[in-house]
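The next block holds one structure in the form of structure tokens; read it before the comments.
The values are calculated or read from the model by the stated rules, or taken from the named source; none is laboratory data. Fair warning: this is a prediction, and the values are worked out from it, not measured in the lab. As a convention, Cβ positions derive from the backbone with ideal geometry for all residues, glycine included, and neighbour counts pool all protein chains shown.
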Amino acid sequence: MIRLIGILVGLAFTFTVVWAFGWGAAAVIGQGYLVEETAEHEFHEHPKDVNFAHDGAFGKWDLQQLQRGYQVYKETCSACHSLDYVALRDLAQLGYSEAEVKAEAANWTVPGIDPNTGEATTRPGTPTDYFPSPYPNDIAAAAANNNAIPPDLSLMAKARHDGSAYIYSLLTGYQEQPAELLRRFPDAETGVGLYYNPYFPNLNLAMPPPLSDGQVTYADGTQASVDQMAKDVAAFLTWTAEPTLVKRKQTGWAVLGFLIFATVLAWLAKKQVWAPITPVRRKD
Ligand code: HEC
């Protein structure tokens, strides 16, 4: 009896495995006709190949670039996007001196309280303040942006796959909707108030192209092409998402070095401990 139950359970398991394998294999082989053909599936593109100084195991911040990216954020993106998790004092990490951070903070207008009446008002920022939001609340943000709330950008580079390259690609990816797309998917025409961008997962987003050539005048004289600004602000947003990125990579190397050293030490210790023991010779 027990044996019979065992056999039945075994058969059930085998059947499940074969069934699952069959479906998996069918999905892989038949990708063309099993997966529904949609405009998103056919025309969505992966982020472009773009290199940053902070890439790779030996990556380092390019502070000049981060400062330029900050300038792009300040003069363009901050009109719509908040940076809730970043404090103005953090700008010191971009190579600004204490006086410069203070002056920079004072350029921002943050919510304050009137000391005489206690009423809500605004005041110039100080280094201890966080970046102020452009809108008082989500309803105001949605009302100003065709019902789409511009997301907070502090962690955006972490929230999207291949974040730095994604932000760069999104900002440089606006284009005309391809005729091929409209021919095959007439229903997928970009709606009113939306903009076609193949790097955005559903191809149409509510953000108008935020950059145009020469939009900012860089303090360091760099030519402000769309490509350059997109790259700079993508680098800046990578920093806001993980200010400790470079330190993390450097710590990794130190840890690796220590582990190799510890391994050699353990091996030498093992040799020392076992040295007096001579192997017993087997008599065959
Ligand atoms: C006029 C307002 C406006 C400006 C200026 C603006 N954005 Fe946006 N942004 C939006 C809106 C609205 C959305 C939401 C789009 C949607 O969900 O369709 C958005 C979405 C985004 C997203 C998220 C895309 C995603 O995957 O969800 C990123 C990244 C972004 N913006 C970056 C930037 C950067 C960088 C700048 C500055 C160069 C900038 N934006 C300037 C309005 C703006």
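Every residue, every condition in (1) in contact (Cβ under 8 Å) with a residue 12 or more places away in the chain; (2) among the acidic types (Asp, Glu); (3) within 11 Å of the ligand (Cβ to nearest atom), yes or no:
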| site | (1), (2), (3) |
| --- | --- |
| Pro208 | yes, no, yes |
| Thr222 | yes, no, no |
| Ser225 | yes, no, no |
| Thr251 | no, no, no |
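Which members of the stretch 197-229 meet the condition of being surrounded by fewer than 20 Cβ atoms within 10 Å (Cβ to Cβ), of a type in the set (Ser, Thr, Tyr) and within 28 Å of Leu181 (Cβ to Cβ)?
Ser212, Ser225 - these are the residues of the stretch 197-229 that are surrounded by fewer than 20 Cβ atoms within 10 Å (Cβ to Cβ), of a type in the set (Ser, Thr, Tyr) and within 28 Å of Leu181 (Cβ to Cβ).
Residues that are away from the ligand (no atom under 11 Å from the Cβ) and without any contact (Cβ under 8 Å) to a residue 60 or more places away in the chain: does the stretch 156-168 have at least one?
Looking through the stretch 156-168, none of the residues is away from the ligand (no atom under 11 Å from the Cβ) and without any contact (Cβ under 8 Å) to a residue 60 or more places away in the chain.
Kindly check whether there is at least one residue in the stretch 43-60 that is closer than 30 Å to Leu205 by Cβ and more than 19 Å from the chain's Cα centre (by Cα).
For the stretch 43-60, residues closer than 30 Å to Leu205 by Cβ and more than 19 Å from the chain's Cα centre (by Cα): present.
Condition check: surrounded by 12 or more Cβ atoms within 10 Å (Cβ to Cβ) and more than 22 Å from the chain's Cα centre (by Cα). Does Lys102 satisfy that? Give the steps one after another, and end with the answer.
Values: surrounded by 12 or more Cβ atoms within 10 Å (Cβ to Cβ): yes; more than 22 Å from the chain's Cα centre (by Cα): yes.
Yes, satisfied.
Surrounded by 11 or more Cβ atoms within 10 Å (Cβ to Cβ) and of a type outside the set (D, E, K, R): is that true of His54 in this structure?
yes
With the structure loaded, tell me whether Gln272 is outside any loop (DSSP other than H, G, I, E, B) and farther than 30 Å from Glu42 by Cα or whether it fails that test. Explain how you work it out, then say what you get.
Details: outside any loop (DSSP other than H, G, I, E, B): yes; farther than 30 Å from Glu42 by Cα: yes.
Yes.
Yes/no per residue for (1) within 12 Å of the ligand (Cβ to nearest atom); (2) touching a Phe, Trp or Tyr at 6+ places or on another chain (Cβ under 6 Å); (3) touching a residue at least 60 places away in the same chain (Cβ under 8 Å); (4) more than 25 Å from Ala103 (Cα to Cα):
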| residue | (1), (2), (3), (4) |
| --- | --- |
| Thr126 | no, no, no, no |
| Ser133 | no, no, no, no |
| Asn145 | yes, no, yes, yes |
| Ile149 | yes, no, no, yes |
| Asp152 | yes, no, yes, no |
| Gly173 | yes, yes, yes, yes |
| Leu181 | no, yes, yes, yes |
| Pro198 | no, yes, yes, yes |
| Ala230 | yes, yes, yes, yes |
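Residues to consider are Tyr33, Tyr70, Tyr96; find the one that is of a type in the set (Ser, Thr, Tyr) and modelled with pLDDT under 95.
Tyr33
When Arg248 is evaluated against the numbered criteria (1) in contact with an Asp or Glu (Cβ under 8 Å, 6 or more places away or on another chain); (2) buried (at least 16 other Cβ atoms within 10 Å of the Cβ), which criterion, by number, is the only one it fails?
(2)
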